[in-house]
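Read through the structure below, which is laid out as structure tokens, and then see the notes.
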Amino acid sequence: MHVTSTGASAQHLRDLARLRRVRDRIDREYAQPLDVEALARDAHMSAGHLSREFRQAYGESPYAYLMTRRIERAMALLRRGDLSVTDVCFAVGCSSLGTFSTRFTELVGVPPSVYRRDAASATSGMPACVAKQVTRPIRNREARSASRK
């Protein structure tokens, strides 16, 4: 019995390390064309297994995590005010303006064009690190936790 639980524990630790590498890759390469199949292949897992394990470890699917990273970066670019919404969409790795706008609105609460128009004045005078923290999108699991308090 001891050998089985030790083996399972070691496998769990290896899976967690793989998941952390996947999450770190998404954080680094969010603007690149990434898909769950490629991430899973590079982590030596099936796409289904990666999705299940990633969701269990981080509370959302790899795709949702990737889109959140992209939206966070888009928010920073839109606050600058020198790029169009379309330019920002492609700069953060989205290939569909419609999907980008829909996900942005879900996470931020306003469409990217409204955010671009209003964000510069809302964060003027704030250091960039503070503006990033106070404008960070709320993920679904965080919104549920906040509403329970």
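Derivation of every value follows stated rules applied to the coordinates shown; laboratory data play no part. What you are looking at is a predicted structure, and each value in this text was computed from that prediction instead of being measured. Cβ atoms come from the backbone with ideal geometry, glycine included; neighbour counts cover every protein chain shown.
Computed quantities for the displayed model
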read-out: Residues that are over 17 Å from THR99 (Cβ atoms) and either touching a Phe, Trp or Tyr at 6+ places or on another chain (Cβ under 9 Å) or surrounded by fewer than 21 Cβ atoms within 10 Å (Cβ to Cβ) (or both), drawn from segment 48-71; value: GLY48, HIS49, SER51, ARG52, GLU53, PHE54, ARG55, GLN56, ALA57, TYR58, GLY59
read-out: Number of the exception - ALA10 against (1) buried (at least 17 other Cβ atoms within 10 Å of the Cβ); (2) without any contact (Cβ under 8 Å) to a residue 24 or more places away in the chain; value: (1)
read-out: All helices (runs of 4 or more DSSP H) inside segment 27-117 with 2 or more residues being hydroxyl-bearing (Ser, Thr, Tyr) and within 22 Å of ALA17 (Cβ to Cβ); value: 47-58, 62-80
read-out: Candidates THR86, THR99 - the one that is of a type outside the set (Asp, Glu), farther than 29 Å from PRO127 by Cβ and surrounded by fewer than 19 Cβ atoms within 10 Å (Cβ to Cβ); value: THR99
